[in-house]
Amino acid sequence: MPSTLSDAFKGHPVHHHHKHPDFTSLQELPDSYAWTQLDENSTAVCEGVPVIDLHDPNALQLIGHACKTWGVFQIINHGISTSLLEKIESTSRSLFSLPIQQKLKASRPPDGVSGYGLARISSFFSKLMWSEGFTIAGSPLDHFCQLWPENYSQYCDVIDEYEREMKNLAGRLMWLMLGSLGITKGDIKWAGPKGELKDTCSALQLNYYPACPDPDRAMGLAAHTDSTLLTILYQNTTSGLQVLKEGTGWVTVPPISGGLVVNVGDLLHIISNGAYPSVLHRAVVNRTKNRLSIACLYGPPSNVQISPLPKLVGPSHPPLYRPITWSEYLGNKAKHFNKALSSVRVCTPLNDLNSIVEVV
Ligand SMILES: C=C1C[C@]23C[C@H]1CC[C@H]2[C@@]12CCC[C@@](C)(C(=O)O1)[C@H]2[C@@H]3C(=O)O
Ligand SMILES: O=C(O)CCC(=O)C(=O)O
Ligand SMILES: [Fe+2]
């Protein structure tokens, strides 16, 4: 029985400042959704997030380079069928278009992982985000029975298939991302004897961003890094995802037909001993178009200790992070949000200095 994520937040209930009203039909941006003027540096840049064809013979090198320089890339020829992407999109749309009273029946409990509601990180901000979310960790059955008492099973089937295919792809990607650092399947015990990664955990996050009357003052999903090894994101044809590139500013990741966005998460940053940055990203909203995204948040078995891989540690590269389980890390994120990573950093005078610089 693989370990689950369901107890990760038991000691860290979220206390949202606001109730989530039915904001989808508002004509004007209420003050509770007005973030102070967002920075204007999301200008067009010539250089964009790399797009990598997984059939390219150089895929391994291209992925390694993208992970080091961006912490994010898009993939094509990944083997996920268009019809499955269409099915998960239409399932998500059916969910978000249910009446609010119906959706609230499947609310995420304050100390739980799964269900409908504001993004978990909302509690760190005084303003509300212009989005709705639905998190699925483990079986969606209980919540889907609440949402669709008559025909929950067809929707469950789509989620199960999507989750299975995404986990498979995430495993392939993890070996490619680590492979370009010289890591092989034998180097990670928790991956199993043949690197089959069968006890890994994952969660799905469905995000819906309604069209917004005042997009320049609103925020779809505030800047964050993912508490994962890696995240695979499907976005519909409306753009909104932005990543922070050092020295450049916020860069939009344009939706490409059949493409999926892959980003490095905090745990891959830890096991790579800092070689791969966990990319800061956010979602902005649109005046006329709604937007949908589906993230597969992929991590190790939730109760195994993960730490910088021995091959990536040496006299000139001391371990930057202490061992931690995914479950414990999620608790850290619930407590410290964007300072979660630095809270796991090993304390040496040099590292302490670096983390002070990061916080400032
Ligand atoms: C496995 C995860 C990862 C979670 C928590 C838990 C389930 C939901 C994920 C997200 C999804 C939306 C952004 C985020 C920041 C959030 O608020 O909920 C993510 C968070 C994290 O990556 O930290
Ligand atoms: O909607 C997006 O593009 C970003 C979603 C995201 O970052 C997340 O779900 O973690
Ligand atoms: Fe994210």
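The values are calculated or read from the model by the stated rules, or taken from the named source; none is laboratory data. Since this is a predicted model, take the numbers as computed values, not measurements. Methodologically, a virtual Cβ is constructed for each residue, glycine included, from the backbone with ideal geometry; neighbour enumeration extends over all protein chains shown. SASA here: full protein model, heavy atoms, side chains in, ligands and nucleic acids out. Shrake-Rupley method; radii C 1.70, N 1.55, O 1.52, S 1.80 Å.
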Study note, to complete from the structure: Here the FRET efficiency for K189 versus K335, based on Cβ atoms and R0 = 30 Å and rounded to 0.05, is 0.60
**Study point:** Leading residue at positive end of dipole, the chain (Cβ point charges), from S114, G79, A8
**Key:** A8
Exercise for review: Can you spot the aspartates and glutamates whose alpha carbon is less than 12 Å from K103's alpha carbon? Ignore those fewer than 8 places along the same chain.
Suggested key: D22, E132
Practice item. Sort 90-100, 294-304 for me by packing, meaning the mean count of neighbouring Cβ atoms within 10 Å per residue, highest on top. Key: 294-304, 90-100
Review point. Based only on the alpha carbon positions, what is the Kirkwood hydrodynamic radius of segment 266-344, in angstrom?
Key: 14.4
Check your understanding: Hey, got a sec? Which trypsin sites (Lys or Arg not before Pro) in segment 121-209 land in a DSSP loop and have at most 16 other Cβ atoms within 10 Å?
Key -> K194, K198
**Study point:** Mean separation of Cα contacts under 8 Å, 6 or more apart, over the residue count of the chain: relative contact order %
**Key:** 22
**Study point:** For the chain, fraction of C-alpha pairs farther apart than 27 Å, in %
**Key:** 46
Exercise for review: Could you run the Karplus curve 6.51 cos²θ - 1.76 cosθ + 1.60 with θ = phi - 60° over segment 195-203 and give me ³J(HN,Hα) per residue in whole Hz, x for Gly and Pro?
Suggested key: x, 7, 6, 7, 9, 5, 10, 8, 9
Check your understanding: What lysines could a cross-link reach from K339, if we take a straight Cα to Cα line under 19 Å and drop same-chain neighbours fewer than 8 places away?
Key -> K245
Practice item. For the chain, give the share of DSSP beta bridges that are antiparallel, in percent and rounded to the nearest 5; count only bridges with both residues there. Key: 90
**Study point:** Dipole magnitude of segment 255-346 about its Cα centre (Cβ charges: Lys, Arg +1; Asp, Glu -1), debye to nearest 20
**Key:** 380
**Study point:** Degrees separating the helix 152-179 axis from the principal Cα axis of the chain, which is the longest one
**Key:** 30
Study note, to complete from the structure: With the dipole of the chain defined by +1 on each Lys or Arg Cβ and -1 on each Asp or Glu Cβ, the option from S97, S327, S153 whose Cα lies farthest towards the positive pole is S327
Check your understanding: Ranked highest first by average number of other Cβ atoms within 10 Å, how do 261-272, 330-341 line up?
Key -> 261-272, 330-341
Review point. How large is the accessible surface per residue of segment 278-335, computed with a 1.4 Å probe and reported in Å² as a whole number?
Key: 41
Review point. Mind checking which lysines have their C-alpha under 17 Å from K127, skipping anything on the same chain fewer than 8 residues away?
Key: K19
Check your understanding: From the residues S316, T288, I232, which one has its Cα farthest along the dipole of the chain in the positive direction, the dipole being from +1 and -1 charges on Cβ of Lys/Arg and Asp/Glu about the Cα centre?
Key -> S316
Exercise for review: Would you work out what percent of the accessible area of segment 64-141, with all protein chains in place, is carbon or sulfur (probe 1.4 Å)?
Suggested key: 58
Check your understanding: Using r as the Cβ-Cβ distance of T4 and C347, and R0 as 25 Å, what FRET efficiency do you calculate, to the nearest 0.05?
Key -> 0.20
Practice item. About the Cα centre of the chain, how large is the charge dipole given +1 on each Lys and Arg Cβ and -1 on each Asp and Glu Cβ? Please answer in debye to the nearest 20. Key: 540
Review point. Using the alpha carbon gyration tensor of segment 135-239, what are the three equivalent-ellipsoid semi-axes (square root of 5 times each eigenvalue), largest first, in whole Å?
Key: 31, 22, 11
